[in-house]
1. What are the pairs, 6+ residues apart or on separate chains, where a residue within segment 187-209 that is without any contact (Cβ under 8 Å) to a residue 40 or more places away in the chain has its Cβ under 8 Å from a residue that is of a type in the set (Phe, Trp, Tyr)?
2. So which residues in segment 93-106 are near the ligand (Cβ under 10 Å from one of its atoms) and open to solvent by 30 Å² or more (accessible area, probe 1.4 Å)?
3. Being within 13 Å of the ligand (Cβ to nearest atom), touching a Phe, Trp or Tyr at 6+ places or on another chain (Cβ under 7 Å) and of a type outside the set (Phe, Trp, Tyr) narrows it down to one of 144, 128, so name that one.
4. Restricting to segment 113-154, give me the number of residues that are open to solvent by 60 Å² or more (accessible area, probe 1.4 Å) and within 21 Å of residue 70 (Cβ to Cβ).
5. Looking at segment 123-157, which of its residues are closer than 27 Å to residue 55 by Cβ and either without any contact (Cβ under 8 Å) to a residue 12 or more places away in the chain or within 10 Å of the chain's Cα centre (by Cα) (or both)?
6. Step by step: first the residues of segment 107-124, then only those that are among the polar types (S, T, N, Q) and in contact with a Gly (Cβ under 7 Å, 6 or more places away or on another chain), then the one that is nearest to the ligand (Cβ to nearest atom). Which residue is that?
7. Could you name every one of the helices (runs of 4 or more DSSP H) located completely within segment 1-114 that has at least 3 residues being farther than 30 Å from residue 206 by Cα and touching a residue at least 12 places away in the same chain (Cβ under 8 Å)?
8. Has segment 66-78 got at least one residue that is within 14 Å of the ligand (Cβ to nearest atom) and either acidic (Asp, Glu) or over 24 Å from residue 167 (Cβ atoms) (or both)?
Amino acid sequence: MSEQQSYVVDIETMPRGGPNASWLDRRMQTDVLEYIDRYDVSDRIKQVVIGELDRQDWHEDNARTALASVVGIDSPRILELGAGHGKLSAKILELHPTATVTVTDLDPTSVANIEKSLGGQQRATTKVVDATAIDAPDNSYDLVVFAMSFHHLRPALAARAIAEATRISTKFLVIDLARLPTPVLPLIPALGVLIAAPGALRKGPLTILPFLHDAIISMLRAYRPQAITALAAAADPAIKVEFLPGSPPLLRAVFSRL
Ligand SMILES: C[S@@+](CC[C@H](N)C(=O)[O-])C[C@H]1O[C@@H](n2cnc3c(N)ncnc32)[C@H](O)[C@@H]1O
């Protein structure tokens, strides 16, 4: 096997905590899929989770982070991957008078809902796009943004998404859950219940249980910066990654080609 092939194999099995993750960090991860990634789960359950994500309060901050990456470009062309409900792109349109957005997701039901909610907005286009195989020409965007979604991809696919997004765009911004410090990882189920409890009391368990399920899996699948750096190197050694300052629970990484 060539050196290059053996590196690909390493990336496929790389822990979410990075190549040098500790014993505990390696065990506190999962290959179990979230409901929103499963084809055997009804659209109704998936949209319950997407609806809860829509109600979170991070979309405006994420839109401002995205726009900070395209300062100086008059009419930035932005592609959002894994948009879910489309709130981030809606905020970008609200905050920037000339930006255009292509709002996408792998899930056709989510894309159809986004299309309805954007209601004929002239600066927005919607379509189904797989982040790991993007149907767009080289250098066709100024920014690709992927929010709260990168952990959905196993390492080999995450590396492919980095290669694809930096092929079609000058910058690729990933905003995602930061992986918790290792000693805290075993507490994730309890943390999930604490986070979901107020919502469960207000809305009832049928709404909150699917969200709790996906939130716990998300925390176990989140990547550490060391893993993200290794993914970029595996995608192409000519890709650099810069981590933006910010506080947990979010991690913000900008990928670009040297
Ligand atoms: C947790 S939701 C994030 C929604 C939204 N971006 C937010 O910030 O709340 C993850 C989204 O990623 C999408 N997704 C998963 N795998 C994907 C892929 N390979 N390509 C594009 N989208 C994907 C899912 O369908 C889902 O809508």
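The values are calculated or read from the model by the stated rules, or taken from the named source; none is laboratory data. In this text the structure is predicted, and so the values were computed from the model without any measurement. Here Cβ is always computed from backbone atoms with ideal geometry, including for glycine, and neighbour counts include all displayed protein chains. In case anyone asks, the SASA skips ligands and DNA or RNA and just uses the protein heavy atoms, side chains included. Shrake-Rupley method; radii C 1.70, N 1.55, O 1.52, S 1.80 Å.
1. 196/211
2. Passing the criteria: only 106.
3. That would be 144, the only listed residue that is within 13 Å of the ligand (Cβ to nearest atom), touching a Phe, Trp or Tyr at 6+ places or on another chain (Cβ under 7 Å) and of a type outside the set (Phe, Trp, Tyr).
4. Matching residues across segment 113-154 total 7.
5. 131, 145, 146, 147, 148, 149, 150, 151, 152, 153 - these are the residues of segment 123-157 that are closer than 27 Å to residue 55 by Cβ and either without any contact (Cβ under 8 Å) to a residue 12 or more places away in the chain or within 10 Å of the chain's Cα centre (by Cα) (or both).
6. 110
7. Passing ranges, in order: 3-13, 59-68, 87-95.
8. no
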